[in-house]
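No lab work stands behind these numbers, since they all come straight from the coordinates. Here the structure is a predicted model, which means the values were calculated and not measured. A quick note on method: Cβ atoms are made from the backbone with ideal geometry, for glycine too, and the neighbour counts reach across all protein chains shown.
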Amino acid sequence: MGKKVVEIENLVKRYKELIALDHLNLTVEEGEIFGLLGPNGSGKTTAINCILALLHFDKGSVKVFGEEIQPDSYEIKKQIGVVLQNVAVFEELTVQENIDYFCGLYIQDKRTRKKYVEEAIVFSGLEDFRNFYPKKLSGGLLRRLNIACGIAHKPKLIIMDEPTVAVDPQSRNRILEGIQKLNQQGATIIYTSHYMEEVEQICSQIAILDKGRCVASGTKEELKSMIKMGEKIHLEVWNLQPFQIAEIKELRHVYQVNYQEGMLEIWCSGGKHNLVHILDYFNSREIGFGRVYSELPTLNDVFLEITGKELRDSV
Amino acid sequence: MQVFKAFFRILYKNKTSLLMYVFIYLGITLLASSVLQEDKKTDFSGISLDIGVKNKDTGSLGKNLEKYLESRNQLVDVPEEKEDLQDAIYYQEMDYVLLIPEDFTEKFQAGEWEGSLQGTKVPGSSSAYLIENEIQNFLKTVSMYQKAGCDIEQAVTWSLQDLEQKSKVEFLEKDNSQGLPDGFYFFQYIPYVFLVMMILGVGASMKPFREKDLAARNKCSSTSFLKQNMQIFLGCMMYMLIVYIVFMAMACLMMREYMFTLQGFLNAANAFLFGICALSVAWFSVQFAKNAATLNIMSNVFGLGFSFLGGVFVSLDMMEEGARRAAKFVPSYWYVTANQHIQKVTSFSECGKVYQSFLMVLMFALAFFSAGLLANRMKVKSR
């Protein structure tokens with residue numbers, strides 16, 4: 001078990017009548033890329049703001065590097081890098097000046113700072129834009145600048161709140177690769193997103209939030225193993241009779257079938273050779289079929305099964 | 001000192017608009033100073049006009065009338081041709097041409113002189129009106145003596161003696177600003193330029209630090225909130241000092257001698273205190289400015305509002321009592337009052353009223369700072 005970097009215990013945060021965080025418990029260990037997944041309004045940003053001591057909470061405790069975080073915990077804050085959801089840079093400063101400004105809030109030594117700023121520019125791929133003002137940057141470049149400002153001082157813990165919102169696919173890939181690289185260099189990362197693909201792609205540990213509660217947590221494999229669904233098979237079939245649908249439902253590991261407009265969807269619980277069994281059935285009954293493909297469960301399926309609603313729909 | 005440096009970097013980005021105000025101010029001050037210096041004529045003097053007289057009168061009255069007009073105005077040669085005469089009038093080479101007919105003296109003695117004189121003039125000319133007044137004055141006086149039994153020669157002599165009497169003209173009220181040194185005009189308009197420059201400069205530099213996302217990002221850093229605020233405060237003070245020094249340097253260049261007098265010193269102190277007050281007003285304004293456009297509006301509202309109401313652009317002596325009473329609720333009034341008192345003092349011991357005004361300006365600075373602080377608290381709480 002790794003060293004605990006962030007420990008959240010029974011955290012409760014209320015906004016008047018609304019309970020934003022409802023007895024939230026989370027533990028982030030050193031070296032992890034910890035994904036906080038949940039729809040908008042699930043409490044991700046509130047949890048982040050509590051970790052950063054930007055918000056006063058009503059109950060519970062938040063420990064960072066083993067110490068309770070307070071607004072004046074400047075020694076702890078020195079080791080934290082922050083990339084907030086909204087781009088927070090000075091419109092009046094150039095790319096380089098912005099990175100230098102934020103790095104300078106942590107690093108006093110001029111020479112070290114110069115080196116770090118340069119490294120952050122290279123890391124974010126902003127070499128050609130160092131003298132550009134933020135207004136002249138595209139959405140993707142702006143996000144990269146936001147990240148560069150947050151990581152320039154080489155923090156041990158990096159908190160990223162939806163850093164890829166409204167970013168083109170090319171910039172998104174670059175950002176995700178960058179996050180993995182930072183993690184390989186030794187940084188622990190807390191990453192919030194409502195894009196499950198991103199979280200699946202980069203996070204070693206995932207916590208799913210809904211209505212301020214952590215509804216499930218673990219590795220993506222652990223999360224997927226928590227649900228009934230093991231595989232979802234799609235078949236293009238024409239003129240399937242109701243009795244045949246009933247027969248398919250009776251097949252081993254099959255627990256749900258949906259037939260609509262010539263497309264048959266079959267949900268199977270965890271088990272081997274589900275596809276082979278289904279195709280055997282079709283061949284034995286001499287039922288013709290077209291395209292066939294199989295899907296493994298996604299985090300959306302996990303979220304759907306646990307909360308009863310789609311992660312995407314809730315966004 | 002990252003925050004301090006960023007403050008000045010942002011300020012530097014706004015240098016063009018700020019410098020523009022310095023130059024506009026310089027222009028206005030120089031213009032006002034030169035125009036008002038010219039207007040410093042506080043004595044009355046009669047005016048002399050260019051008159052052409054064609055005297056065809058065979059009697060003595062026409063000659064005496066010409067003599068009388070010559071004593072008060074310039075007599076110029078009258079062109080023979082009618083067109084030349086009209087041109088001369090049109091081009092204002094002469095203000096009036098008087099034609100005295102042959103039988104003027106006889107007609108006058110017979111009491112039938114009215115309407116017998118012919119005048120050529122530019123219609124509606126005030127100069128012509130003045131001359132006609134003079135002619136009427138003379139003839140009516142002669143007529144009065146004649147009616148009293150004097151002969152024409154006696155009547156003319158006495159009339160000329162009477163009309164030589166001059167009235168002494170004395171101004172009952174004088175604008176106090178008249179006859180003041182250049183230094184007065186330079187410092188008079190300081191409140192406007194200081195208010196605008198402080199609101200625009202401090203506002204533009206402080207605004208990004210107050211934006212919700214940037215403020216949150218800064219709070220996440222390991223530089224304490226207090227340190228960051230201290231650096232912003234230091235930046236504001238430094239900016240105020242730079243603006244003050246620039247204006248004092250300009251004052252020294254333009255009125256070196258004045259600046260090393262008691263008045264110069266007190267004016268400089270007055271401007272410094274108002275600089276602090278303008279800074280407070282700027283701090284107060286920033287709390288309500290959502291963007292550059294609002295900041296611009298605020299600079300105009302406070303800059304022009306305080307300047308007009310406080311007697312910067314319109315002399316306090318020309319304001320109605322009610323307006324003067326209301327003006328006491330703006331800091332520029334006390335600045336202007338101090339500026340006026342400063343011109344009257346000859347030693348530090350006479351500066352009681354000046355110090356009183358200084359204190360009032362400082363009180364306003366404190367009031368605006370506190371109001372800004374309160375607004376800031378409420379804003380933070382609402383977040």
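Structural remarks
- Sorted largest first, extent of the range B:50-164 alpha carbons per principal axis (Å): 44, 26, 21
- Estimated D of the protein assembly as shown in µm² per second, where Rh is the Kirkwood radius over Cα pairs and Stokes-Einstein applies at 25 °C, 0.890 mPa s: 73 µm²/s
- Rg and Dmax of the range B:179-286, Cα atoms only, in Å: 17.2, 60
- Taking chain B and dividing mean pair separation by its residue count, relative contact order in percent (alpha carbons under 8 Å, at least six apart): 17 percent
- DSSP bridge analysis restricted to the protein assembly as shown gives an antiparallel fraction near 60%, rounded to the nearest 5.
- Scaling against 2.2 N^0.38 Å puts the C-alpha radius of gyration of the range A:1-114 at 1.21.
- The amide H of residue A:35, built 1.01 Å from its N in the peptide plane, has A:191, A:204, A:205, A:206, A:207 as neighbours under 5 Å, considering only residues 5 or more places off or on other chains.
- Estimated D of chain B in µm² per second, where Rh is the Kirkwood radius over Cα pairs and Stokes-Einstein applies at 4 °C, 1.567 mPa s: 49 µm²/s
- In this structure, the residue pairs whose Cα-Cα separation is over 19 Å, taken from B:147/B:168; A:77/B:219; A:110/A:154; B:54/B:82, are B:147/B:168.
- Pairs spanning more than 27 Å between alpha-carbon atoms, out of A:4/A:220; A:44/A:115; A:156/B:379: A:44/A:115; A:156/B:379.
- Seen from residue A:123, the other residues with C-beta closer than 11 Å to its C-beta sum to a net charge of 0, counting Lys and Arg as +1 and Asp and Glu as -1.
- For the range B:253-366, the extents of the C-alpha atoms along the principal axes are 47, 35, 27 Å, listed from largest to smallest.
- Remark on the range A:210-315: hydrodynamic radius 15.0 angstrom, per the Kirkwood mean of 1/r across alpha carbon pairs.
- Label point of residue A:239 set 7 angstrom out along Cα-Cβ; within the range A:253-271, amide nitrogens under 15 Å from it belong to A:262.
- Residue B:304/residue A:131 FRET efficiency (R0 30 Å; Cβ-Cβ; nearest 0.05): 0.20
- Cα-based equivalent ellipsoid, the range A:4-221: semi-axes from gyration tensor eigenvalues, Å: 28, 19, 16
- With R₀ set to 22 Å, the beta-carbon distance separating residue A:219 from residue A:67 gives a calculated FRET efficiency near 0.20.
- For the range A:202-267, GluC sites (Glu not before Pro) meeting the loop criterion (DSSP other than H, G, I, E, B) and having at most 16 other Cβ atoms within 10 Å: A:250, A:261.
- Among residues other than residue A:236 with Cβ under 15 Å from its Cβ, the summed charge is -1 (Lys and Arg +1, Asp and Glu -1).
- Whole-percent pair-distance distribution, where bins are 10 Å wide, for the alpha carbons of the range B:61-111: 22, 42, 30, 6
- Helical contribution to [θ] at 222 nm, DSSP H n ≥ 4, -39,500 (n - 2.57), averaged over chain B, rounded to 500: -22500 deg cm²/dmol
- Distribution of pairwise C-alpha distances over the range A:156-212, 10 Å bins, in %: 21, 58, 19, 1
- With a Förster radius of 41 Å applied to the beta-carbon distance between residue B:349 and residue A:86, the computed FRET efficiency rounds to 0.10.
- Environment charge at residue B:60 (Cβ cut-off 14 Å; Lys +1, Arg +1, Asp -1, Glu -1): -3
- For the residues of A:96-107, the average number of beta carbons from a partner chain within 10 Å of their own beta carbon is 4.
- For the range B:228-316: rounded, prolate or oblate by the Cα gyration tensor [a/c cutoff 1.5]: oblate
- Label-point separation in nm, residue B:378 to residue B:28, each point 7 Å along Cα→Cβ: 3.1 nm
- The range B:274-337: C-alpha gyration tensor shape, a/c 1.5 cut-off, then a/b vs b/c: prolate
- Per-residue mean of foreign Cβ neighbours for A:81-89 is 4 (Cβ atoms of other chains, 10 Å radius).
- The range A:221-265: chymotrypsin sites (Phe, Trp or Tyr not before Pro) in DSSP coil with no more than 15 other Cβ atoms inside 10 Å: A:238
- Once you divide the Cα radius of gyration of the range A:108-179 by 2.2 N^0.38 Å, the number left is 1.09.
- Inter-label distance, nm, simple model (7 Å from Cα along the C-beta direction), residue A:285/residue B:260: 11.1 nm
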